[in-house]
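Below: the structure, in structure tokens.
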Amino acid sequence: MKKELTISAIKDGTVIDHIPSDATFKVAKILDLAGVKGIISVATNLSSKTMGKKGIIKVSDKSLTKDEVDKIALIAPNATVNIIKDYDVKQKIKVEIPQIINRIIKCSNPNCITNNEEISTKFYVLRKEPLRVRCHYCER
Ligand code: CTP
Ligand code: ZN
């Protein structure tokens, strides 16, 4: 007999699925969850047919910004973002590392203008796996 309870379905909000189990809390950390009024569920070490173990994050009454989705791609490149409306999966987004990464990451060059002035970072993605980027400002 199946005795465990699975994590509940949500009515409206966002479900981030197929997170590598050990990246789950990192993904939770990049989301702006502090002000969310709805229920937030985080589960790790769930068994998955395709991934072995996976993590999942369900956030009621929140939609993600493009920035948040792009950040997820950098940590969990195979994650799926499901947008839930009235219990139905209205949209399923396969996260993707963008060609250009704005803000999210810092330049590794201490002399780069982005580390010394109020200028947000911008990188060109040279290769996605493993991730290689070039700074728009200092070209490192
Ligand atoms: N989900 C949820 N609440 C809902 C609907 C879906 O929490 N009202 C969750 C499901 O538990 C699942 C994810 O959202 O983790 C995606 O739902 P669905 O597309 O129905 O599941 P799968 O077909 O297994 O998705 P995939 O093909 O992406 O593996
Ligand atoms: Zn730079």
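The values are calculated or read from the model by the stated rules, or taken from the named source; none is laboratory data. On a predicted model such as this, the values are computed, not experimentally measured, just so you know. Backbone-built Cβ (ideal geometry, glycine too); neighbour counts: all protein chains shown.
How many residues, within region 92-123, are surrounded by 13 or more Cβ atoms within 10 Å (Cβ to Cβ), farther than 26 Å from H18 by Cα and touching a strand residue (DSSP E or B) at 6+ places or on another chain (Cβ under 9 Å)? Total satisfying the criteria: 7. Considering V15, V42, V59, V81, the condition of being within 18 Å of I101 (Cβ to Cβ) and surrounded by 16 or more Cβ atoms within 10 Å (Cβ to Cβ) is satisfied by V81 alone. Just one of the listed residues (I56, I40) is more than 10 Å from ligand 1 (Cβ to nearest atom) and either in contact with a helix residue (DSSP H, G or I) (Cβ under 6 Å, 6 or more places away or on another chain) or modelled with pLDDT of 95 or more (or both), namely I40. For region 27-41, a tally of residues being farther than 13 Å from S8 by Cβ and outside any helix (DSSP H, G or I) returns 7. Considering (1) of a type outside the set (F, W, Y); (2) within 16 Å of ligand 1 (Cβ to nearest atom); (3) within 20 Å of A23 (Cα to Cα), the lone condition that D67 does not fulfil carries the number (2). When S48 is tested against (1) at pLDDT 95 or above; (2) surrounded by 12 or more Cβ atoms within 10 Å (Cβ to Cβ); (3) within 14 Å of ligand 1 (Cβ to nearest atom), just one condition goes unmet, and that condition is (1).
Once region 124-140 is narrowed to residues that are surrounded by fewer than 15 Cβ atoms within 10 Å (Cβ to Cβ) and not hydrophobic (A, V, I, L, M, F, W, C), the residue that is nearest to ligand 1 (Cβ to nearest atom) is E129.
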